[in-house]
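See below for the structure under consideration.
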């Protein structure tokens, strides 16, 4: 089994690299086993506290093999609107619940959750189910996950 132990630069054009397609939940972990798209089994052992991002590359210990990470399509909810205030309200309410969000021009995406879908429909938005790669914002602390160094109560 190949062991991927560090992040590395994107290989030069024409250099062979393999693909590791993962959902967001797995890309948040630092140690796991997975299978490359070509069927090769790998073990990933990285520094803790960082999310693997779509397009990043990992290097195999000893062999120099480069593996490119891809965000796998997964069940997501998507909200599109030309009303920026309404999208801001949606982002506020989802952020208040610490929901990871992927943001785009006129849309937002989060891991599918029927309760959150209904909340946003209650705000007047249309929510659609999709199978799509999920690449949420890293957040102001950019260490991934929900870790942050300030004290506050979470009583909502």
(request) Rank-order 117-129, 60-72 by packing density, defined as the average count of other C-beta atoms within 10 Å over each peptide's residues, highest first. (result) 60-72, 117-129
(message) Can you compute the FRET efficiency between residue 38 and residue 130 using 1/(1 + (r/R0)^6), with r the Cβ-Cβ distance and R0 = 25 Å? Round to the nearest 0.05.
(response) 0.40
(message) Just to be sure I understand: of the beta bridges DSSP finds with both ends in the chain, what percent are antiparallel, rounded to 5?
(response) 75 percent
(message) Based only on Cα atoms, what mean projected area does the convex hull of segment 2-71 have, in nm²?
(response) 4.2 nm²
(request) Provide the FRET efficiency to the nearest 0.05 for the residue 26-residue 97 pair, computing r from the beta carbons and using R0 = 25 Å. (result) 0.65
(request) Subtracting the Cα-Cα distance from 0.36 nm times the residue separation, let me have the gained length for residue 138 to residue 82 in nm, one decimal. (result) 17.7 nm
(message) Quick check: pseudo-label points 7 Å beyond the Cα along Cα→Cβ at residue 74 and residue 19, how many nm apart are they?
(response) 1.8 nm
(request) Per DSSP H run of n ≥ 4, the term is -39500 (n - 2.57); total these for the chain, divide by its residue number, and report the mean residue ellipticity at 222 nm rounded to 500 deg cm²/dmol. (result) -4500 deg cm²/dmol
(message) Give me the percent relative contact order of the chain, please, defined on Cα pairs under 8 angstrom at least 6 residues apart.
(response) 24 percent
(message) Could you tell me the relative contact order of segment 73-133? Use alpha-carbon pairs under 8 Å, at least six residues apart, and round to a whole percent.
(response) 54 percent
(request) Quote to one decimal, in nm, the extra length available between residue 10 and residue 113 on full extension: 0.36 nm per residue of separation minus the C-alpha distance between them. (result) 33.7 nm
(request) Compute the relative contact order of segment 2-71 as a whole-number percentage, counting only Cα pairs closer than 8 Å that sit 6 or more residues apart in sequence. (result) 44 percent
(message) Starting from the 7 Å offset along Cα-to-Cβ, what nm value, one decimal, do you get for the label separation of residue 121 and residue 46?
(response) 3.6 nm
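Every read-out reported here was derived from the displayed coordinates using simple, explicitly stated rules and does not represent laboratory data. Please read these numbers as outputs of a predicted model, since none were measured by experiment. Backbone-built Cβ (ideal geometry, glycine too); neighbour counts: all protein chains shown.
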